[in-house]
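Engineer: Input: one structure, supplied below.
The values are calculated or read from the model by the stated rules, or taken from the named source; none is laboratory data. Just so you know, these numbers come straight off a predicted model, no measurement behind them. Every residue, glycine among them, receives a Cβ derived from its backbone with ideal geometry; neighbour counts consider all protein chains shown.
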């Protein structure tokens, strides 16, 4: 057998060990889980919308960015006092509306003498809001059906809400989620929506 002179290398085929395969599998799993968790967080609590108009002043202001928590209403129903984000009448071409839940399914609502009555009782924090000048459709008692919510803006005399015939009672399936955090318009701070 003849040997070649000079440097020479022979190629030996390397086999991938089972420990290397295991490590590669672990990395693929970790990256996959990170991508899934990122998608879940963005979908459930990462949606952001802007407040349009003055209807929620003094809680939220025109132009403020609000994070929407979609997950909470997949697990639970909106409660009185929650600030919700919804599309009026399910209109996909409309901007998101942000209002406060005043009454929940099965309750009655009526506005008399500028005050809100739920099931015949004066709204608990009625002194926190201005006297309502226009009761709209709530001048007569409204009975909420299954999956219907009555909402008002905090700035009640400058709000298009459930008193308006073009908004009416908010259906459960038109609710996008709960207004969760707001970002201050002038500063970079954030705060819980209350």
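Engineer: Please count how many residues of the range 110-156 are closer than 21 Å to residue 89 by Cβ, assigned to a loop (DSSP other than H, G, I, E, B) and within 27 Å of the chain's Cα centre (by Cα).
Structural biologist: 5
Engineer: Can you tell me how many residues within the range 102-128 are in contact with a strand residue (DSSP E or B) (Cβ under 8 Å, 6 or more places away or on another chain) and either without any contact (Cβ under 8 Å) to a residue 24 or more places away in the chain or closer than 15 Å to residue 81 by Cα (or both)?
Structural biologist: So the answer is 15.
Engineer: Report, by residue number, each residue of the range 137-148 that is out of contact with any helix residue (DSSP H, G or I) (no Cβ under 7 Å at 6 or more places or on another chain), surrounded by 15 or more Cβ atoms within 10 Å (Cβ to Cβ) and farther than 14 Å from residue 117 by Cα.
Structural biologist: Narrowing the range 137-148 to residues out of contact with any helix residue (DSSP H, G or I) (no Cβ under 7 Å at 6 or more places or on another chain): 137-146, 148.
If we keep only those that are surrounded by 15 or more Cβ atoms within 10 Å (Cβ to Cβ) too, we end up with 137-138, 142, 144, 148.
148 - this is the single residue of the range 137-148 that is out of contact with any helix residue (DSSP H, G or I) (no Cβ under 7 Å at 6 or more places or on another chain), surrounded by 15 or more Cβ atoms within 10 Å (Cβ to Cβ) and farther than 14 Å from residue 117 by Cα.
Engineer: Six or more apart or on different chains, Cβ under 6 Å: which pairs go from a residue in the range 7-36 that's at positive phi and assigned to a loop (DSSP other than H, G, I, E, B) to one that's modelled with pLDDT under 80 and surrounded by fewer than 10 Cβ atoms within 10 Å (Cβ to Cβ)? Could you list them?
Structural biologist: none
Engineer: Within the range 70-93, which residues are out of contact with any strand residue (DSSP E or B) (no Cβ under 9 Å at 6 or more places or on another chain) and either within 25 Å of residue 133 (Cβ to Cβ) or in a helix (DSSP H, G or I) (or both)?
Structural biologist: Residue satisfying the conditions is 75 alone.
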